[in-house]
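Okay, so here's the structure we're looking at.
The values are calculated or read from the model by the stated rules, or taken from the named source; none is laboratory data. As the structure is a computational prediction, the values presented were derived from the model and not from experiment. Here the Cβ positions follow ideal geometry from the backbone for every residue, glycine too, while neighbour counts run over all protein chains shown. Areas reflect the complete protein model, heavy atoms only, side chains present, ligands, DNA and RNA absent. Shrake-Rupley method; radii C 1.70, N 1.55, O 1.52, S 1.80 Å.
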Amino acid sequence: MTEISAEHHHANGTKKHGVCAISGVETSRRNLVPLEALRPSLAERILADFPQLTEHSLVSKAELARYRTRYVEEILREEHGEYTDLDRQVVESIAKQDTIAANTDDDFDERRTLGERLSDGLASFGGSWAFLISFGCVLVVWMAINVVAGTGAFDPYPFILLNLVLSCIAAIQAPIIMMSQKRQEHKDRLRSSNDYQVNLKAELEIRHLHEKIDHLITRQWQRLAEIQQVQLEMLQETRPRPRRKPAKAKPAKPRAAASTSGPDGSV
């Protein structure tokens, strides 16, 4: 009983585990992919490095990720002429099967300091109708008070103090708005780089998907042709053979009677 259970356990372990044909590492069967199931371009690259493999050889997903990374790098170098850090991040996300899309606005807002938040708030308020209306009301009230006060006004006409205040506000407001615009440009660059990565990854994934679908369709047509050929052979084997008709007996020709009469006509 012990030997039988050990053999059964060994058989189950053999079914659940396999060995990668490239690295020679034993791993779970779910992490192994047969070479015939890969895209032709990827399978050709593996066979170029390991010509002893066959289409039934099993390759681990880790090795497939490494070859996919090399394949995508070569594609990007051929098409773009260079391999940037953004391209490297896209290739790594494809190999690890991770999502690359991110909300750059939330990430950018979380990293702002108190001064940056204050400048963004002032710039946002300085470019609104609320600021224009309130500032206009302040100007009207300022000038009205000084006109009504006459000689006792703190800023008589032509309102030199008011001009100084407006100049100071403009001098302070301009760099605050420029700082806010600079951070907005940085946010736009982050958003555009993320959009580029997402679009590039989508383009590469769609290309891989087209190659795999074409490969699967080709294999399916080959298998259908083989099945059809087998069915035709089976039909030919099961088809009843026509029976040969028996040959009709030919009527015997009458033999000429031998003449027994003598020369004189006597028998």
| Rounded FRET efficiency, nearest 0.05, which uses the C-beta distance separating Thr99 from Thr54 and R0 of 41 Å | 0.70
| field | Among 65-71, 98-104, the order from most to least packed when residues are scored by Cβ within 10 Å on average | value | 65-71, 98-104
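Full-extension gain between Val140 and Ile213, please, as 0.36 nm times their residue separation minus the C-alpha to C-alpha distance.
19.0 nm
Within 10 Å, count the other beta carbons around each residue, average over each peptide in 21-30, 221-230, 37-46, and list them highest first.
Numbers: 21-30: 13.3, 221-230: 10.0, 37-46: 16.7.
Per-residue Cβ counts within 10 Å, averaged per peptide and sorted highest first, yield 37-46, 21-30, 221-230.
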| Tell me, what ³J(HN,Hα) does each residue in segment 201-209 have, in order and in whole Hz, if you take phi through Karplus 6.51 cos²θ - 1.76 cosθ + 1.60 with θ = phi - 60° and put x for Gly and Pro? | 5, 4, 5, 5, 5, 5, 4, 4, 5
| field | J(HN,Hα) series, segment 172-184, from Karplus relation 6.51 cos²θ - 1.76 cosθ + 1.60, nearest Hz, glycine and proline x | value | 7, 5, 4, x, 4, 5, 5, 5, 5, 5, 5, 5, 5
| remark: With a Förster distance of 35 angstrom and the Cβ-Cβ distance between Val33 and Ser193, calculated FRET efficiency to the nearest 0.05 equals 0.60
| said: Leaving ligands and nucleic acids out of the surface, order His215, His17 by accessible area at 1.4 Å, largest first. | reply: His17, His215
| message | Amide H of Val59 versus every other amide H placed in the peptide plane: which residues, excluding those fewer than 5 positions away on the same chain, fall under 5 Å? | response | Ala21, Val33, Leu35
| remark: If R0 = 35 Å, then Arg183 and Ala153, at their Cβ-Cβ distance, give a FRET efficiency to the nearest 0.05 of 0.25
